[in-house]
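First the structure, in the form of structure tokens, and then the observations on it.
Coordinate-derived values only; no laboratory data. If you're wondering where the values come from, they're calculated on a predicted model, not measured in any experiment. Glycine also receives a Cβ, built like all others from the backbone with ideal geometry; neighbour counts cover every protein chain displayed.
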Amino acid sequence: MNGLMMEYHLTLDRILEHANHISPHKRITTLQPDGTLHRYTYADLYRRVKQLAKALVALGVQPGDRVGTFAWNNYQHLELYYAIPGAGAVCHTLNIRLFPEQLSYIVNHAADKVVFVEGSLLPLYERVADQITSVQHYILFNTPSDTQTRLPNVLFYEDLIESADEDFAWRSTDEQMAAGLCYTSGTTGEPKGALYSHRSMYLHALGAGQANALGVRETDVVLPVVPQFHAMAWGLPYACAASGADIVMPGLHLKPEPLAQLIEAERVTIAAGVPTIWTGLYHELKNNPRDISCIRALVVGGSAMPRALTKAYESELGVNVLHAWGMTEMSPLGTVCNLSSQHAGLSDEQKWDIKAKQGYPICGVEMRIVDELGQELPWDGRQMGELQVRGPWIIRQYFKRDISAESFTPDGWFRTGDVVTMSPDGYMQIMDRTKDLVKSGGEWISTVELENAIMAHPQVLEAAVIAIPDAKWQERPLAAVVLTPDAQALTSADITTFLEDKVARWWIPETMIFVDEIPKTSVGKFDKKVLRSRYAEGQLG
Ligand code: ADP
């Protein structure tokens, strides 16, 4: 129709152009492998991205080609986040913690043409090199230029950048072009690819940055501890550029001590990561106190943030916790749990009850819950149903797979596989993943809620609950419990007593096993698949 808005493509290069015009002097800081800080600006980023994109085109990268990255969070990885899509190709972030057979499967499935490998990760990648069929060039960085490797056709990153000038016209000419590719980490099955378009990533960056979402501002200093290979670091790098926020990248330094130091020294205001990272940081700070009250939003997602940990951060360290939920298939952000005006009069304890929830959908994400027959359920805060979602940054199909009824409904909603309740005011609470629920005597037990209750015990560091077969009840919960280093001789009877006024009596596990650590997935979630197979092999209890 005449007179409507001009056609304007929502492509990622527009975000970088914006940052270069509006915030050229804002800073990007990286903690390098040798422990020194690398600092530069959005203007520097912009120049090097243009060179890199031009060099990629000269190397033969065509529109739509997949280009892999195998790297920690750092400025080079950030450059790749823009240069690869800017060259018209697809930035495929490879999870460095996958098993070798999963990694080679993913590279071959995506048919990556070029792969960028960070020096410290070279030995990890070399293990799969013989299995890879598609890659024509490897590009190494953060490694000396005389590095010996088994990889074929190797180039060095800085040489590649120097080979091209900045005079480059973006090849991302259409917002429907693919720009990013992430595979799920395979917590509950084989890794599956989620392919993002320029348009979906652009809208996600604005959506995630909204004031009622993560609320990224120009005055923020943002530390994505969440890896860039875990759902695009939750979109933060793009949301930062859109807002002109400073970025701090931790590189390979993900242990609590360097993180605490980085947060304090760089005056980080928003830090994002999975609960296990923040559990570790909290215990580090108890032993070696530092002032991290500069953080105004500790963003936590990927798995449920234990209520007790939120309370500890807020009441002891003065750090506001922002619980969030999402999925690789959702780019990933779906909900955040900021308190709303109706919560103003609540007590602190009541506020922490709310903050244990995953929160309300951000604008751009639609949600509904359904029962086992697919009937929509009311939002009454009690009835549990499967959560289904749709929106502009939610996939409608997995990469190179048919649309399956297991993942998509006939009317176009994505089935998350999460079982949740929705409160009348739109706050979602995850009860479980469908595959993790315990079905005891025809009723469901939420392992997430049970874990939360156990982890509220001051001498418990972590607890994971799985279903085990039971002759009478069909299934019963088993809790694997890790005690804090300074815990006294805590017994399962003590935990049972502790749980008695917190969960229904029939929820309390008869079997509690004390372990040294809970196995974790490649993105730091409790690995219940491993726990279940250990139980089946008789190694637990
Ligand atoms: P994978 O599917 O391989 O685990 P994702 O990181 O995409 O990789 O996982 C998304 C899932 O993680 C969600 O469906 C949900 O089950 C879980 N999840 C994410 N955030 C939270 C949260 N805040 N609380 C509880 N579960 C969460």
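Observations
- Placing dummy labels 7 Å off each Cα toward the beta-carbon, the span from residue 346 to residue 154 is 5.5 nm.
- Leading residue at positive end of dipole, the chain (Cβ point charges), from 342, 100, 180: 180
- Pair residue 404, residue 536: separation of 7 Å Cα→Cβ label points (nm): 1.7 nm
- Taking the charge dipole of the chain about its Cα centre, with +1 at Lys and Arg Cβ atoms and -1 at Asp and Glu Cβ atoms, the residue from 83, 71, 356 reaching farthest to the positive side is 83.
- Residue order, fewest to most surrounding Cβ atoms within 10 angstrom, among 484, 147, 11: 147, 484, 11
- The residues neighbouring residue 221, those whose beta-carbon lies less than 12 Å from its own, together hold a net charge of 0 under the Lys/Arg +1, Asp/Glu -1 convention.
- Full extension of the segment from residue 136 to residue 484, taken as 0.36 nm per residue of separation minus the current Cα-Cα distance, would add 120.4 nm.
- The stretch 155-205 and the stretch 212-228 have Cα centres separated by 20 Å.
- Fewest-first ranking of 104, 341, 145, using other Cβ atoms within 10 Å as the exposure measure: 341, 145, 104
- You can think of it this way: the chain between residue 382 and residue 111 has 93.0 nm of extra reach, that is 0.36 nm per residue less the Cα-Cα gap.
- Extension gain for residue 474 to residue 293 (0.36 nm times residue separation, less C-alpha to C-alpha distance): 60.4 nm.
- HN-Hα J in Hz across the stretch 118-133 - Karplus 6.51, -1.76, 1.60, θ = phi - 60°, x for Gly and Pro: 7, x, 5, 9, 4, x, 5, 6, 4, 4, 9, 3, 5, 8, 8, 10
- Per-residue Cβ neighbour counts within 10 Å put 472, 113 in the sequence 472, 113, beginning with the fewest.
- Ordering 235, 61, 193 by Cα displacement along the dipole of the chain toward the positive end leaves 61 in first place; charges were set at the Cβ atoms of Lys, Arg (+1) and Asp, Glu (-1).
- Estimated vicinal HN-Hα couplings, Hz - the stretch 507-513 in sequence order (Karplus 6.51, -1.76, 1.60; Gly, Pro = x): 7, 5, x, 6, 10, 10, 10
- Taking other residues whose beta carbon is less than 12 angstrom from the beta carbon of residue 59, and scoring Lys, Arg as +1 and Asp, Glu as -1, yields 0.
- Listed peptides 363-375, 216-228, 197-209, 233-245 appear in the order 233-245, 197-209, 216-228, 363-375 once ranked by packing, highest mean of other Cβ atoms within 10 Å at the front.
- Environment charge at residue 242 (Cβ cut-off 13 Å; Lys +1, Arg +1, Asp -1, Glu -1): -1
- The stretch 255-433, relative contact order in percent, only Cα pairs under 8 angstrom and at least six apart counted: 16 percent
- Dipole size of the stretch 303-356 about its Cα centre, with +1 on Lys/Arg Cβ and -1 on Asp/Glu Cβ: approximately 40 debye, rounded to the nearest 20.
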